[in-house]
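I have placed the structure first, in the form of structure tokens, so that the comments after it can refer back to it.
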Amino acid sequence: NGDVIPNVQDSIQWGSLNNGAWVHMNNNPSNEVPYGKLYNWYAVNDTRGICPIGWHVPSNDEFTTLNTFINGNGGALKEVGTGHWWSPNVGALDTYGFTALPAGYQGTFYPSNQGKLAFFWTSTAYNTNQAYAWSLTKDAATFTNGFNNGKIAGYSVRCLRN
């Protein structure tokens, strides 16, 4: 809706948040292109909506549908080559134009794994402190679901057209 989501660069402050925030990987604005911003789950879950009008953050069920459609082949979603992904970028095909990039994540104390991993928030909470996210790695052609994702982690967000 145009409301500002705060950019929180201090890792101690980031780890204590219970409201929406974003960060650039390594607090470096030059990482926004091509990787985008990393958001905590509170930004994803904000009732004002993080996605543009007519779009939404996919639920865990919607990501499960995507995974079924691609037969679990995460390589079908990854950008081809090693321009952004570290070698070996196993199975990267980008069959559907998803062009997943390895933005890494913002952890409680430090950012990590740019070039190695991509994490995508879902709109689905697992419990009070965790939410579902899906991930891709340079080392495998799988699309993996997990719920051991503290809501304070900073992950990428992909919006889905309504």
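The values are calculated or read from the model by the stated rules, or taken from the named source; none is laboratory data. Just so it is clear, the structure is predicted and the values come from calculations on it, not from any experiment. Cβ atoms come from the backbone with ideal geometry, glycine included; neighbour counts cover every protein chain shown. Calculation scope for accessible area: heavy atoms of the full protein, side chains included, ligands and nucleic acids excluded. Shrake-Rupley method; radii C 1.70, N 1.55, O 1.52, S 1.80 Å.
Observations, loosely collected:
- Residues within region 87-127 that are within 23 Å of I12 (Cβ to Cβ), out of contact with any strand residue (DSSP E or B) (no Cβ under 6 Å at 6 or more places or on another chain) and of a type in the set (G, A, S), tallied: 1
- In this structure, S135 does not qualify as touching a residue at least 24 places away in the same chain (Cβ under 8 Å) and among the polar types (S, T, N, Q).
- Those residues of region 104-139 which are part of a loop (DSSP other than H, G, I, E, B) and either of a type in the set (K, R) or open to solvent by less than 30 Å² (accessible area, probe 1.4 Å) (or both), in sequence order: G107, G115, K116, K138
- Flag for D61 being touching a residue at least 24 places away in the same chain (Cβ under 8 Å), surrounded by fewer than 18 Cβ atoms within 10 Å (Cβ to Cβ), on the phi < 0 side of the Ramachandran plot and outside any loop (DSSP other than H, G, I, E, B): yes
- Any hit, region 80-89, residues being part of a strand (DSSP E or B) and buried (at least 17 other Cβ atoms within 10 Å of the Cβ): no
- Number of the condition not met by I50 [criteria: (1) over 17 Å from the mean Cα position of the chain (by Cα); (2) of a type in the set (A, V, I, L, M, F, W, C); (3) more than 18 Å from N145 (Cβ to Cβ)]: (1)
- Within region 140-162, restricting attention to residues that are assigned to a strand (DSSP E or B) and small (G, A, S), the residue that is surrounded by the most Cβ atoms within 10 Å (Cβ to Cβ) is G154.
- Leading residue by the ranking (farthest from Q9 (Cα to Cα)) among those in region 146-159 that are modelled with pLDDT under 95 and touching a helix residue (DSSP H, G or I) at 6+ places or on another chain (Cβ under 7 Å): K151
- Residue in region 27-38 that is hydrophobic (A, V, I, L, M, F, W, C), open to solvent by 40 Å² or more (accessible area, probe 1.4 Å) and assigned to a loop (DSSP other than H, G, I, E, B) present: no
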